[in-house]
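Chemist: For reference, the structure I am asking about is given below.
The values are calculated or read from the model by the stated rules, or taken from the named source; none is laboratory data. Computed from a prediction, not measured in an experiment: that's the story for all the values here. Ideal geometry is used to build each Cβ from the backbone, glycine not excepted, and the neighbour counts take in all protein chains shown. Remember, those area values only see protein heavy atoms, side chains included, never the ligands or the DNA or RNA. Shrake-Rupley method; radii C 1.70, N 1.55, O 1.52, S 1.80 Å.
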Amino acid sequence: QVHLVESGGGLVQPGGSLRLSCAASGSISSFNAMGWYRQAPGKQRELVARITSGGSKNYADSVRGRFTISKDNAKNTVYLQMNSLKPEDTAAYYCNAATRLVDSWGQGTQVTVSS
């Protein structure tokens, strides 16, 4: 089981930017995919972005063109660059690491977009 720790959340103005980091306790190359999910109060957790071991990327329609997922295998870290933030992006953001059989989750980092 891998330990995932998210960081980089905070309070930002609409139109602002944040970069989230997900640091893993082991090699992220051992996972088929890693990604970011978010959950707002009263809503289900939803996929934001994922990146496979081969570098393929998937984005939610609501963030495509504004968010970018990337990874640094040497640092065992996955990033989520968030630009042009909107109030509807406000949520707790969770890092995920997946194999074919098992998902691991971090504790989450809060992102609040408000004026």
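Chemist: Give me the pairs, please: first residue somewhere in region 88-115 and within 17 Å of G26 (Cα to Cα), second residue anywhere and loosely packed, with under 11 Cβ neighbours inside 10 Å, beta-carbon distance under 8 Å, and either six or more positions apart or on two chains.
Modeler: Here the result reads V102/Q1; S104/Q1, each pair linking region 88-115 to a residue that is loosely packed, with under 11 Cβ neighbours inside 10 Å.
Chemist: Let me ask another. S84 - would you say it is in a loop (DSSP other than H, G, I, E, B), open to solvent by 50 Å² or more (accessible area, probe 1.4 Å), on the phi > 0 side of the Ramachandran plot and touching a residue at least 60 places away in the same chain (Cβ under 8 Å)? Full working, then the answer.
Modeler: On the way: in a loop (DSSP other than H, G, I, E, B): yes; open to solvent by 50 Å² or more (accessible area, probe 1.4 Å): yes; on the phi > 0 side of the Ramachandran plot: yes; touching a residue at least 60 places away in the same chain (Cβ under 8 Å): yes.
Answer is yes for this residue.
Chemist: Let me ask another. Being at pLDDT 95 or above, farther than 14 Å from Q107 by Cβ, in contact with a Lys or Arg (Cβ under 8 Å, 6 or more places away or on another chain) and open to solvent by 20 Å² or more (accessible area, probe 1.4 Å) is the filter here, so list the residues in region 22-53 that pass it.
Modeler: E46, R50, listed by residue number.
Chemist: Pick out the one residue from R19, R64, R100 that is within 10 Å of the chain's Cα centre (by Cα) and open to solvent by 80 Å² or more (accessible area, probe 1.4 Å).
Modeler: Details: R64 fails: within 10 Å of the chain's Cα centre (by Cα); R100 fails: within 10 Å of the chain's Cα centre (by Cα).
Selected residue: R19, the only one of R19, R64, R100 that is within 10 Å of the chain's Cα centre (by Cα) and open to solvent by 80 Å² or more (accessible area, probe 1.4 Å).
Chemist: Please go through (1) closer than 13 Å to W105 by Cα; (2) surrounded by fewer than 17 Cβ atoms within 10 Å (Cβ to Cβ) for L4 and return the number of the only condition it doesn't satisfy.
Modeler: Result: L4 passes all but (2).
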